[in-house]
Amino acid sequence: MDRIICFLIGYVFGNFPTGYLLGKFYGVDITKKGSGNVGTTNVLRNLGPKAGIITLAGDLIKTLIPLFITSWLFRDVRDMRYLLTVYTGFGAVMGHNFPVTLGFHGGKGVACTAAMIIYSDPILLICCAICFFGGTAITKYVSVGSLLAAAGYFAVNTILTASGHVMGWGGNEPLAPQYHTEFYILVFIVSAMIVFQHRSNIKRLLAGNENKLSFGGKH
């Protein structure tokens, strides 16, 4: 039941359509522009850097809020705190990717996953940031950076947990051994969701016609 509550709280907040509402503010239906995605990259390309930054900030915040809420609600749970953190973050990712508010057509979950990483642990954050920014800078493809960060999220989480590292900025997100298998499966699903949502990008990368990072709008 704890897992379900955390997931649902995350999902409800994840439904907030930051990019879509910002597009409406500018008089644009972002779902009909570019890739039709409501996430940061499509907003950035079609509405410009300012709109992209606002969308990124909104999507980060809508994930961080439920993470803080469930952290407080389950503050007395000691042996599966980090597992509940990931369930909450995954709920926000799913709410963003498949929002009821937009007919289940949302984003790709990168910013929401990033917020979960930011909240989770400094080592995890550094490793995933290197994967994302390094991959994007070298290739000029945001999709490549996102896919590398997704792989890094699973790999680093697995290594840290298996080595006995206690997650959290203050080492306050313990995870008892009996939950490790469930945890590995969950973080794999989170990573796989990023890959799944980038399936069209992967096809374009293989075909050699993926869009490189650009700033199309002037807002």
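Miscellaneous remarks
- Within the option set G145, G106, being in a helix (DSSP H, G or I), open to solvent by less than 30 Å² (accessible area, probe 1.4 Å) and out of contact with any Leu (no Cβ under 6 Å at 6 or more places or on another chain) holds for one residue only, G145.
- Only one of the numbered conditions (1) open to solvent by 40 Å² or more (accessible area, probe 1.4 Å); (2) touching a Ser or Thr at 6+ places or on another chain (Cβ under 6 Å) is not met by I123, and that is (2).
- Every residue from the stretch 17-61 that is within 18 Å of G91 (Cα to Cα) and either touching a residue at least 60 places away in the same chain (Cβ under 8 Å) or open to solvent by less than 10 Å² (accessible area, probe 1.4 Å) (or both): P17, V38, G39, D59
- Considering F133, F90, the condition of being assigned to a helix (DSSP H, G or I), without any contact (Cβ under 8 Å) to a residue 24 or more places away in the chain, within 27 Å of T40 (Cα to Cα) and not aliphatic (A, V, I, L, M) is satisfied by F133 alone.
- Single unsatisfied condition, L67 versus (1) open to solvent by less than 10 Å² (accessible area, probe 1.4 Å); (2) more than 30 Å from G164 (Cα to Cα): (2)
The values are calculated or read from the model by the stated rules, or taken from the named source; none is laboratory data. This one's a predicted model, so the numbers in the text were calculated from it and none came from an experiment. Heads up, the Cβs are rebuilt from the backbone with ideal geometry, glycines too, and the neighbour counts pull from every protein chain shown. Accessible surface areas use protein heavy atoms only, side chains included; no ligands, DNA or RNA. Shrake-Rupley method; radii C 1.70, N 1.55, O 1.52, S 1.80 Å.
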